[in-house]
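What follows is a set of notes on a single structure, which appears directly below.
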Amino acid sequence: MQQRSLGATGLKVSRLGLGTMTWGRDTDEHEARDQLIAFAEAGGTLLDTAAGYGDGASEELIGTLVGDVVARDEVVLATKAGISRRTGERVTDTSRGTLLTTLDASLKRLGVDHVDLWQVHVWTDETPVEETLSALDLAVTSGRASYVGISNYTGWQTAQAATWQRAAAGRIPLASTQVEYSLLNRQVEHEVVPAAQALGLGVLPWSPLGRGVLTGKYRTGTPSGSRGASEHFARFVSAYLDDRARGIVEAVARAADGLGWSPLEVALVWVRDRPGVSAPIVGARTAAQLEGALGVEELALPAEIVEALDDVSTD
C-alpha cells in the first residue's frame, strides 16, 4: 500500500487507515485480529481509535493485539480524546486537565509509552482553544505523542487552531484534521479542506463510504446484521437514506457496473484521491468486509467518472 505524508509533516501513513470504532463492542477479538492481520499484510499502517470508542474497549483490544499481531513500530497508532460516555450520556470536555488525564489512560489501555498521532476529538465552546491546544503541546514535549491533530472542527475553527499553533515558538504545529467526508457529505470541501491545505494539515476522512450507504447495501431495504439495523447506528445511517442519497448511490452503482468494480471501490477510490486527503479511515464489522476496501490499492477512477460523480453529488 502506498504511503503518504501526513500533511506537511515527516510522518508517513498508509493511504487507507483502519478504523476501530466498533472494536470491543460489535467487533470481537477474533474479528479484530483477522482485520488487523489482513490490514498489515496489505501494507496498511494507520490504526485509528479513540478513548471514547466503547468507553475504552477499542483501545484495550488494540493493546492486546499490537505487539502480537503486528510489531509496535509497524503501525502508526492514532487515538483521540475529548468525548466520553462516563455518565451514560455523551460528554465533551476539552480542558487541558481532562485531555491529558485521558491520554494517560489511553496509553495504559494501549500498552504503549506514546502514540504516533493524538487528536482532539471535538471542538467545545466551554474551553478556550488556547487551553485545549496547550494540551497537545504538552503531549509532544512530554514524549506521550509524536504528532498531534484535531477532529470534527469547522473551517474557521481549523484555521484558528492551526494558526495559533504556528504563531509562537514552542507550539507544536497540527499534523492533521479528521472529518466526515464522502460522496454523500462534501461540505468540508467549502472551507475545511482549503484551510487544511493552506496550513499544512493532512485530511483524514471518516465514514468515507457514507456510513455504509455508498456500498449499495441499503438500495432495497435495511439488511439484518447491518449497522442500519443496529441500535447503536440506526439513526446514524438513516440520515443518508433520503432521495438525494439514493440518487448518488445509483450513480455510484452505474459507475461500478461500467468499470466492473463494486460500488464500495468506486466510492472509496473517489475520496481517497481527493485533493488534500492523506488517508480515509475505513471501519468494517468483519474481516470479510474489510477485504473489499483493501482491494482498491491498484485502482484509479477515470477522469470522466470522477467528473460525473462530482456533478451528481455537489452540495
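Couple of notes before you dig in:
- Dipole axis of the chain (+1 Lys, Arg; -1 Asp, Glu on Cβ), positive-most option in Val266, Gly19, Val112: Val112
- Given the choices (1) 48, 20, 15; (2) 30, 22, 19; (3) 34, 26, 18, semi-axes √(5λ) of the Cα gyration tensor in Å derived from the coordinates of this structure is entry (2).
- Taking the DSSP beta bridges with both ends in the chain, the antiparallel portion is around 15 percent.
- In degrees, nearest ten, helix 155-166 long axis to first principal axis of the chain (Cα): 40 degrees
- Dimensionless Rg/Rh of segment 73-159 - Kirkwood Rh, Rg from C-alpha atoms: 0.96
- Helical runs assigned H by DSSP (4 residues or longer) give the chain a calculated mean residue ellipticity at 222 nm of -11500 deg cm²/dmol, each run adding -39500 (n - 2.57) before division by the residue total.
- Nearest-ten-degree value, helix 263-272 long axis tilted from longest Cα axis of the chain: 40 degrees
- Computed log₁₀ I(q)/I(0) - Debye formula, equal Cα scatterers, no solvent, segment 43-105, q 0.27 Å⁻¹: -1.15
- For the chain, built as a Gaussian network whose Cα springs stay under 10 Å, the top-fluctuating residue of Asp113, Asp93, Asp104: Asp113
- For the chain, the longest principal axis of the alpha carbon atoms and the long axis of helix 129-141 meet at an angle near 80°.
- Added length on full extension, which subtracts the Cα-Cα distance from 0.36 nm per residue, His190 to Arg244: 17.5 nm
Just so you know, all these numbers are worked out from the coordinates, no wet-lab data involved. Small disclaimer: the values here were computed from a predicted structure and weren't measured. Positions of Cβ are generated from backbone atoms using ideal geometry, with glycine treated the same way; all protein chains shown enter the neighbour counts.
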